[in-house]
Amino acid sequence: MAGDDESYVYDEATGEWLPPGAASVAAARPDVRDASGNPLADGDSVTLIKDLKVKGTGTTLKQGTVIRSIRLTDDPAEIDCRHDTIKGLVLRTEFVRKR
């Protein structure tokens, strides 16, 4: 059983021993959480917890606005989304709560 020890890889981010394939999957997608600490995933709906002025437009998104079908980015602090009046909107996760 000496070969069993070589099949696992230590993941420094989580502090766990993982099979070699699992380590690359875990590193590919960062852990994204909303303002309350709930995990977010692609396709989730979120609600704004604060009024936000959108840079480059005169639009303000009000608290309680629902944003549907979010997409995660490489940055765990940002999500990519679309609103009726604004396309290509990027929101900080500290201003949203999962529905």
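The values are calculated or read from the model by the stated rules, or taken from the named source; none is laboratory data. Everything numeric in this text was worked out from a predicted model, so none of it was measured. Backbone-built Cβ (ideal geometry, glycine too); neighbour counts: all protein chains shown.
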Sort through Ile86, Ile67 and tell me the only one that's surrounded by 10 or more Cβ atoms within 10 Å (Cβ to Cβ) and under 17 Å from Arg33 (Cβ atoms).
Ile67
Sole residue being surrounded by 12 or more Cβ atoms within 10 Å (Cβ to Cβ) and at pLDDT below 90, chosen from Ala35, Ala2, Ala22:
Ala22
Name the residue that is nearest to the chain's Cα centre (by Cα), counting only residues in region 5-17 that are surrounded by 13 or more Cβ atoms within 10 Å (Cβ to Cβ) and at pLDDT below 80.
Asp11
Unmet criterion (only one of (1) touching a helix residue (DSSP H, G or I) at 6+ places or on another chain (Cβ under 9 Å); (2) among the hydrophobic types (A, V, I, L, M, F, W, C); (3) modelled with pLDDT of 85 or more) for Ile86
(1)
Name the pairs: first residue in region 73-97 and under 17 Å from Asp51 (Cβ atoms), second residue loosely packed, with under 12 Cβ neighbours inside 10 Å and among the hydroxyl-bearing types (Ser, Thr, Tyr), Cβ to Cβ under 6 Å, at least 6 apart or on different chains?
Arg97/Ser36
Failed item, numbered, when Arg97 is tested on (1) in contact with an Asp or Glu (Cβ under 8 Å, 6 or more places away or on another chain); (2) assigned to a loop (DSSP other than H, G, I, E, B); (3) at pLDDT 95 or above:
(2)
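Residues are listed down the side, and each one gets a yes or a no for (1) over 10 Å from the mean Cα position of the chain (by Cα); (2) at pLDDT 95 or above:
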site: Gly43; (1), (2): yes, no
site: Thr47; (1), (2): yes, yes
site: Lys55; (1), (2): yes, no
site: Thr59; (1), (2): yes, no
site: Lys62; (1), (2): yes, yes
site: Ser69; (1), (2): yes, no
site: Leu72; (1), (2): no, no
site: Asp75; (1), (2): no, no
site: Arg82; (1), (2): yes, no
Over region 71-83, the set of residues touching a strand residue (DSSP E or B) at 6+ places or on another chain (Cβ under 8 Å), surrounded by 13 or more Cβ atoms within 10 Å (Cβ to Cβ) and either in a loop (DSSP other than H, G, I, E, B) or of a type in the set (A, V, I, L, M) (or both) is Leu72, Thr73, Pro76, Ile79, Arg82, His83
